[in-house]
Amino acid sequence: MLKIGETVPDITLFDGDGNEVILRSFKGQKILIFFYSKDNTSGCTKQAVGYSEKVAEFHKKGVKIIGISKDSVASHKRFAEAKNLKITLLADPEKEAIFAFDVWHEKKLYGKVSMGVVRTTYLVDENGKIIYANDKVKAAFDAEKMLGEI
């Protein structure tokens with residue numbers, strides 16, 4: 001996990017419409033980046049929907065919401081349309097951002113060990129510096145918690 005004070009890596013990903021998004025291009029604006037495992041899974045859906053439902057509150061505080069997973073552009077588009085999401089989802093099938101933000105780790109689920117994305121949330125200031133980092137995320141409550149942190 002990247003630490004508070006570190007600069008957001010200079011990475012380019014694509015949103016659900018296939019538009020190029022450069023993470024460092026948000027300088028001058030606060031962004032909240034949440035990493036999640038997979039579109040359309042229970043916890044990930046709760047997290048994305050939670051952010052989408054509160055997106056106006058985040059925008060009032062000057063914060064743009066970005067979700068990143070290793071799913072494809074097409075998967076993100078279907079997920080966003082099916083759940084009526086109002087947040088930006090970025091596809092990282094090559095795991096470039098996932099590795100750069102150090103959120104790919106060994107996980108244990110029901111006794112099975114595998115590698116995967118550790119649900120992690122970052123708040124980034126207007127200068128591209130991380131000002132909050134959490135890798136102990138409770139999916140259903142992440143949006144509410146982050147509103148309180150801002």
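Where a number appears in this text, it was derived from the coordinates with a stated rule and is not lab data. Computed from a prediction, not measured in an experiment: that's the story for all the values here. Counting neighbours? That spans all protein chains shown, and the Cβs are built from the backbone with ideal geometry, glycine included.
Here are the numbers for the structure shown:
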read-out	value
Vicinal HN-Hα couplings computed from phi for the range 22-36 (Karplus, 6.51 cos²θ - 1.76 cosθ + 1.60; Hz; Gly/Pro x)	9, 4, 6, 6, 8, 4, x, 9, 6, 10, 10, 10, 10, 9, 9
Structure-derived Rg and Dmax of the Cα atoms in Å: which label, when the choices are (i) 18.3, 67; (ii) 14.1, 44; (iii) 14.5, 42	(ii)
Spatial separation of Cα centroids for the range 30-57 and the range 64-106, in angstrom	10
Summed residue charge, Cβ within 11 Å of P93's Cβ, Lys/Arg positive, Asp/Glu negative	-2
For the range 61-134: rounded, prolate or oblate by the Cα gyration tensor [a/c cutoff 1.5]	oblate
Eligible aspartates and glutamates near K136 by straight Cα distance, threshold 15 Å, same-chain separation 8 or greater	D102, E106, E144, E149
Amide H contacts under 5 Å for G128, placed H, 5+ residues apart	G28
Inverse mean reciprocal Cα-Cα distance (Kirkwood Rh) of the range 41-83, Å	11.3
Mean Cβ neighbour count within 10 Å, used as a protection proxy, ranking 72-85, 107-120 highest first	72-85, 107-120
